[in-house]
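Report on one structure; see the data block that follows.
The values are calculated or read from the model by the stated rules, or taken from the named source; none is laboratory data. Treat the numbers as computed from the prediction; the structure is a model and nothing was measured. Cβ placement follows ideal geometry from the backbone for every residue including glycine, while neighbour counts extend to all protein chains displayed. These accessible areas exclude ligands, DNA and RNA; they are computed on the full protein's heavy atoms, side chains included. Shrake-Rupley method; radii C 1.70, N 1.55, O 1.52, S 1.80 Å.
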Amino acid sequence: MKVLVFAASNSRQSINQQLASYAASLIPNADVEVLDLNDYEMPIYSIERETQSGIPDQAQRFFAKIGAADAIIVSFAEHNGSYSAAYKNLFDWTSRIDKQVYQNTPMLMMATSPGPGGAQSVLASAVGSAPFFAADVKASLSVPSFFDNFDSEAGELTNTELKQQLEAALQLLH
């Protein structure tokens, strides 16, 4: 199974990237590809830019990566209750290729934050809008208080209940 993994963040120390990568590591025999949103940086989307220059290669490559995946694991960073600007811009450009951005690929949507909210606002928004963009969301999981529940040195969840929820969610991707 080819699994595409990314954090909806452009932070080089992203806790969401740590969480998403950890989740993918729990899938036995998976061919995992981890994307860095910094490799997909583009000008801010506008219809004028699209008309003048077309859709950037970065959006085309991102769309192709989604189409080639058997499953997607994404973990959303929450910026002021919503998506990070880096993810939203990539998503906006990609949606101009085809509104069915996620191409009916099975997905696990996650989110985490340092605080007790666990980025639930952005996760709820992502899960709620997913059907409009052909996302086959099999499960979602919020991890609150990241640093209390995840050992960054060992690269794993330390909270047994959250780990069990994650393992159950991953089973739904098969």
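See the values below:
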item	result
Long-range neighbours under 8 Å by Cβ, at least six apart or interchain, first residue part of a loop (DSSP other than H, G, I, E, B) and modelled with pLDDT of 95 or more within the range 111-128, second acidic (Asp, Glu) and open to solvent by 40 Å² or more (accessible area, probe 1.4 Å)	Ser113/Glu78; Ala119/Glu78
Complete set of residues in the range 66-81 that are buried (at least 16 other Cβ atoms within 10 Å of the Cβ) and not β-branched (Val, Ile, Thr)	Ala69, Ala71, Ser75, Phe76, Ala77, Glu78, His79
Output for the range 44-58, where each listed residue is without any contact (Cβ under 8 Å) to a residue 40 or more places away in the chain and either of a type outside the set (Gly, Ala, Ser) or touching an Asp or Glu at 6+ places or on another chain (Cβ under 9 Å) (or both)	Ile47, Glu48, Arg49, Thr51, Gln52, Pro56, Asp57, Gln58
Filter result (farther than 25 Å from Asp151 by Cα, hydrophobic (A, V, I, L, M, F, W, C), within 13 Å of the chain's Cα centre (by Cα) and open to solvent by less than 20 Å² (accessible area, probe 1.4 Å)) within the range 87-128	Leu90, Val101, Ala126
Residues of the range 149-174 classified as of a type in the set (A, V, I, L, M, F, W, C), in a loop (DSSP other than H, G, I, E, B) and exposed (fewer than 13 other Cβ atoms within 10 Å of the Cβ), total	1
In the range 26-51, the residues that are among the β-branched types (Val, Ile, Thr) and assigned to a loop (DSSP other than H, G, I, E, B)	Ile27, Ile44
Positions within the range 52-83 being part of a loop (DSSP other than H, G, I, E, B) and not hydrophobic (A, V, I, L, M, F, W, C), in sequence order	Gly54, Pro56, Asp70, Glu78, Asn80, Gly81, Tyr83
